[in-house]
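To start, the structure itself, in structure tokens.
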Amino acid sequence: MTPEVFLQDKAAAAVKAIYGADVAPGSLQVQVTRKEFEGDYTLVVFPLLRISHSSPDATAEALGKYLVDNVPEIASFNSVKGFLNLLFSPVYWDETFAGIASDEDFGQLPSTGRNIMVEFSSPNTNKPLHLGHIRNNLLGDSVSRLLKAGGNNVIKATLVNDRGVHICKSMLAWQKLWDGKTPQSTGQKGDHLVGDCYVAFDKMYKAEVKALMEQGQSEEEAKKNAPSLKEAHRMLLKWEQGDPEVRELWAKMNGWVLEGFAKTYDALGISFDKVDYESQTYLLGKELVQKGLDMGVFEREPDGSVWCDLTADGLDRKLVLRGDGTSVYITQDLGTAERRFASYNLDSHVYVVGNEQDYHFQVLKLILRKLGFSWADQIYHLSYGMVELPEGKMKSREGTVVDADDLLQSMYEEAKKTSEESGKLADMSEDQREELYHMIGLGALKYFIIKVDPKKTMLFNPKESIDFNGNTGPFIQYTHARICSILRKASEQGISFGAEDITNDLVPSAKEIRLIKLLNLFPSKVAEAVQALSPAVIANYSYDLAKEFNQYYHDTPVLREEDGGLLRFRLVLIATLARVLRKAMDILGIRLPERM
């Protein structure tokens, strides 16, 4: 039972005893006491004035006195202008902690029975994953874990954008410039090779535009008339017509990229329950285009293109099919959404996509609603801010991106350097040290990105993220390792302990009560994070818990305690804290080492 529910029940009983009136406990407003006032939780008295027929202060005074006199878990009270602040007694926190320590599922919310799909990553197969993709992947994975902790059935999905003119650009550059080279012949990771082709196409295209402008064409005309761009569009048309030669090259180069992606996903600890490919879904969208034409939702222009007029809704006209019959992004998004809701009986679909696509998802939901799909309002766009570097934004086509594989390697090297400087790993095997370096490097990267609210643009600083002090992943990992070290030493000394060592005979200190209060917040923090779809809530809760433990550890040398009962209580306390830290950080996809 949460503190809020406990106080609602007791307050309802107090109202009955004092005023003879029945109130539904759930209707009473209980909230965490504001920091500037003394108390743990606050009962809002104003709604009860119609029953008490008294002033706010008198009503609060009467209720507070009754609760202190009749409920041993409540130690004291004070009232401030209609707000009754209640302070729990050590007895309450003892009982609460006993429940936490004995509950292996603590923090896991009850099942909602809801089916939620989370789509994230959704890369283009014309370039490797980069820092922007990393934020997308880490957000998508942690949001999926968060929703699962919130009691939902979660399907992690990705839609690989493996067709389109951008794919044809890389293919064209490979044909013209790569002289048959492959990942096998060059030793280069496949997604990197194809990404280089994409950058090369852009250079070739810009040179053609410059030449056409020198011949007298305007910049707009030159961009449309560049031969390489026209050739890429012709290649796309051939692909959609099933041209064997184009399809063969497409399959070969996509295979290189997908193999490269798989290695990067594995390094990030990312997996999917469902993988769709745009090459297999864009036709579904075409069927919906015909349905929209039949319903009068869409209209066909003389050039054969199909549009949806959304001007009456405050938007603009949206192209849903080109004049040559080829699809645009929204075409396949329409079809894919329809199939997923039908196939998985979804209650909600979360798209983890950057905020530059806000308008796209606004249009997607509106068109689906116009097509008669009642579930359109259950689509949610988790719009996140871009990741920037000290030198500014990244641009894939210009090759000015932070490559995901390079970043992961640099994080590993930074973790290795920092760990070796500590001089505490001499008795670990080489394999153990290697695993630890990867764990710390990846934990630092994940935490640094996830701790920022998704809606905010963030500045990434690799060196700052690996710091073993402050609000970082390694700080929390080190805190967990420190707790494990204490527990190992206790075991070596033959000290056994368990939840049965939590008794009312022991009065927790003020510092221990602070730890118990923080532990007790975990389920509500999960609920808060689920409501906001923000794993940052869990990240910063984990930091608060680790920081509070380190202060406690500094002031309370656990293993030096001579009172056996108190020693065992404290070991249960820190063991429970380590377990909650593991649960919280697992929501973020971060592993915690037992030694550092």
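The values are calculated or read from the model by the stated rules, or taken from the named source; none is laboratory data. Source: prediction; values computed, not measured. Cβ atoms come from the backbone with ideal geometry, glycine included; neighbour counts cover every protein chain shown. The protein model used for the area step is the full one, side chains on, heavy atoms only, and it has no ligands, DNA or RNA in it. Shrake-Rupley method; radii C 1.70, N 1.55, O 1.52, S 1.80 Å.
At a glance:
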item: Selection within the range 339-365 - open to solvent by less than 50 Å² (accessible area, probe 1.4 Å) and part of a helix (DSSP H, G or I); result: ARG340, PHE341, HIS360, PHE361, VAL363, LEU364
item: Selection status of ALA536, at pLDDT 95 or above, farther than 19 Å from GLU104 by Cβ and crowded, with 20+ Cβ neighbours inside 10 Å; result: yes
item: Subset of the range 168-195 [at negative phi and either small (Gly, Ala, Ser) or open to solvent by less than 10 Å² (accessible area, probe 1.4 Å) (or both)]; result: CYS168, SER170, MET171, LEU172, ALA173, SER185, GLY190, ASP191, LEU193, VAL194, GLY195
item: Pair list, Cβ under 7 Å, 6 or more apart: the range 529-550 residue among the acidic types (Asp, Glu), other residue surrounded by fewer than 22 Cβ atoms within 10 Å (Cβ to Cβ); result: ASP544/LEU518; GLU548/ARG514; GLU548/LEU518
item: Output for the range 80-98, where each listed residue is surrounded by 20 or more Cβ atoms within 10 Å (Cβ to Cβ) and not hydrophobic (A, V, I, L, M, F, W, C); result: ASN85, TYR92, ASP94, THR96
item: Breaking point among (1) outside any helix (DSSP H, G or I); (2) loosely packed, with under 15 Cβ neighbours inside 10 Å, for GLN432; result: (1)
item: Hey, ALA11 crowded, with 20+ Cβ neighbours inside 10 Å and without any contact (Cβ under 8 Å) to a residue 60 or more places away in the chain or not; result: yes
item: Residues of the range 128-167 that turn out to be closer than 25 Å to GLU259 by Cα and either out of contact with any Asp or Glu (no Cβ under 8 Å at 6 or more places or on another chain) or of a type outside the set (D, E, K, R) (or both), as a count; result: 26
item: Answer residue from the range 272-285, given it is modelled with pLDDT under 90 and open to solvent by 60 Å² or more (accessible area, probe 1.4 Å) and is nearest to ALA157 (Cα to Cα) among those; result: GLN280
item: Filter result for the condition that a residue is open to solvent by less than 60 Å² (accessible area, probe 1.4 Å), of a type in the set (Gly, Ala, Ser), in contact with an Asp or Glu (Cβ under 8 Å, 6 or more places away or on another chain) and within 27 Å of LEU237 (Cα to Cα), over GLY292, GLY323, GLY269; result: GLY323
item: Residue ID - most open to solvent (accessible area, probe 1.4 Å), chosen from residues in the range 504-515 that are assigned to a helix (DSSP H, G or I) and at pLDDT below 95; result: ARG514
item: Selected residue (criterion: modelled with the highest pLDDT) from residues of the range 464-495 that are open to solvent by 20 Å² or more (accessible area, probe 1.4 Å), among the hydrophobic types (A, V, I, L, M, F, W, C) and not in a helix (DSSP H, G or I); result: ILE495
item: Every residue from the range 295-320 that is open to solvent by 20 Å² or more (accessible area, probe 1.4 Å) and either in contact with a strand residue (DSSP E or B) (Cβ under 6 Å, 6 or more places away or on another chain) or not in a loop (DSSP other than H, G, I, E, B) (or both); result: MET295, GLU299, ARG300, TRP307, ASP309, THR311, ALA312, ASP313, ARG317, LYS318, LEU319
item: Residue selected from the range 118-135 under the condition open to solvent by 10 Å² or more (accessible area, probe 1.4 Å) and assigned to a helix (DSSP H, G or I), by the criterion farthest from ASN254 (Cα to Cα); result: GLY132
item: Matching entry among PHE272, PHE298, PHE261 (being free of Cβ contacts under 8 Å to residues at least 40 places away in the same chain and over 26 Å from GLU208 (Cβ atoms)); result: PHE298
item: Every pair of residues 6+ apart whose Cβ atoms lie under 7 Å, when the first sits in the range 430-458 and is within 14 Å of LEU138 (Cβ to Cβ) while the second is modelled with pLDDT of 95 or more and open to solvent by 50 Å² or more (accessible area, probe 1.4 Å); result: GLY443/ARG591; LYS451/ASN540
item: Residue within the range 366-373 that is assigned to a loop (DSSP other than H, G, I, E, B) and at pLDDT below 90 present; result: no
item: Failed condition for LEU442, given (1) part of a loop (DSSP other than H, G, I, E, B); (2) open to solvent by 30 Å² or more (accessible area, probe 1.4 Å); result: (1)
item: Residue list for the range 210-229, restricted to those being within 21 Å of ILE167 (Cβ to Cβ) and open to solvent by less than 60 Å² (accessible area, probe 1.4 Å); result: ALA226, SER228, LEU229
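Matching residues to (1) closer than 30 Å to LYS148 by Cβ; (2) modelled with pLDDT under 95; (3) not in a strand (DSSP E or B):
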{"site": "VAL5", "(1), (2), (3)": "yes, yes, yes"}
{"site": "ALA12", "(1), (2), (3)": "no, no, yes"}
{"site": "THR42", "(1), (2), (3)": "no, no, no"}
{"site": "LEU63", "(1), (2), (3)": "no, no, yes"}
{"site": "LEU84", "(1), (2), (3)": "no, no, no"}
{"site": "LEU87", "(1), (2), (3)": "no, no, no"}
{"site": "GLY99", "(1), (2), (3)": "yes, yes, yes"}
